[in-house]
Amino acid sequence: MSATRKLTVRRATRDDLTAIVRIERASFGRDAWERKWFADCLSAPENCLFLVASRGEIVVGYALAVHNQSRSELDSIAVAPSHRGLGIAAALMNRLNAVLRRRGVSAMMLTVRLDNAAAIGLYRKLGFRRERRINGYYDDGAPAWRMRTSFGSV
Ligand SMILES: CC(C)(COP(=O)(O)OP(=O)(O)OC[C@H]1O[C@@H](n2cnc3c(N)ncnc32)[C@H](O)[C@@H]1OP(=O)(O)O)[C@@H](O)C(=O)NCCC(=O)NCCS
C-alpha cells in the first residue's frame, strides 16, 4: 500500500500538475483553482514556494505559499482524501516554514473558512493565531478567519 511507503516532501514540478489538480478538485470542488494557477506559481519560484508530498511515485498532497522578503501567504494546501489524518499536511507546513525561514521570511498569513475544522485544527497546532474574522469572504457568503504566525514562535 502507498500509505506504508516513506513520505517525501519536495519541490513541485510540471509533471506533478495533473495529480495536484486532481487533489485540488477532490478537496475544493467548484472552488478549485485551475491548472494554470498552479503552473504560474512554478514559473515564479523566486517568490512562490510550491511543495508536494509523495509516497513513492504518488503525489498525496501539496502546499503553496507566495512571499516577499519578510512575509508569506499560504495560498493553498490540500491532501488527497484517502491520505488525510496521517501527518502529511503538518509535514508540508513544516517544510514550507523551514524553507521560508532560510529565505529570510519571518511570518505567514492565511485565510480559512470558519467551518473548516480540520484546517483550523492544523493551523492552531502549528502556532497560528486568529487575527480577525471577515464576514462574507467566500463566494457563497461564508465567513473566514485571517490567521497568522511568526516562525520564531513555532
Ligand atoms: C486540512 C488538511 C490539509 C489537513 O491535512 P492532513 O494531512 O489530514 O492533516 P495532518 O494529518 O497533518 O494533521 C495535522 C493536525 O491538523 C489537525 N487536524 C487534521 N485533521 C483534523 C480534523 N479532521 N479535525 C480537527 N483537526 C484536524 C490536528 O491538529 C492534526 O494533528 P494531530 O493528528 O496530532 O491531532 C486536509 O484535511 C485537507 O486537505 N482538507 C481539504 C483542503 C483544505 O481544506 N485545505 C485548507 C484550506 S484553508
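The values are calculated or read from the model by the stated rules, or taken from the named source; none is laboratory data. These figures come from a predicted structure and were not determined experimentally. A quick note on method: Cβ atoms are made from the backbone with ideal geometry, for glycine too, and the neighbour counts reach across all protein chains shown.
Some notes on this structure:
- Candidates in region 102-154 are the residues that are surrounded by 15 or more Cβ atoms within 10 Å (Cβ to Cβ) and in a helix (DSSP H, G or I); of these, the one that is farthest from the ligand (Cβ to nearest atom) is PHE151.
- Flag for ALA90 being surrounded by fewer than 22 Cβ atoms within 10 Å (Cβ to Cβ) and within 21 Å of ASP115 (Cα to Cα): yes
- Picking from residues in region 114-154 that are aromatic (Phe, Trp, Tyr) and more than 23 Å from GLY29 (Cβ to Cβ), the one that is modelled with the lowest pLDDT is PHE151.
- The residues in region 56-100 that are closer than 12 Å to LEU7 by Cα, in a strand (DSSP E or B), of a type in the set (A, V, I, L, M) and within 11 Å of the ligand (Cβ to nearest atom) can be counted, and the count is 1.
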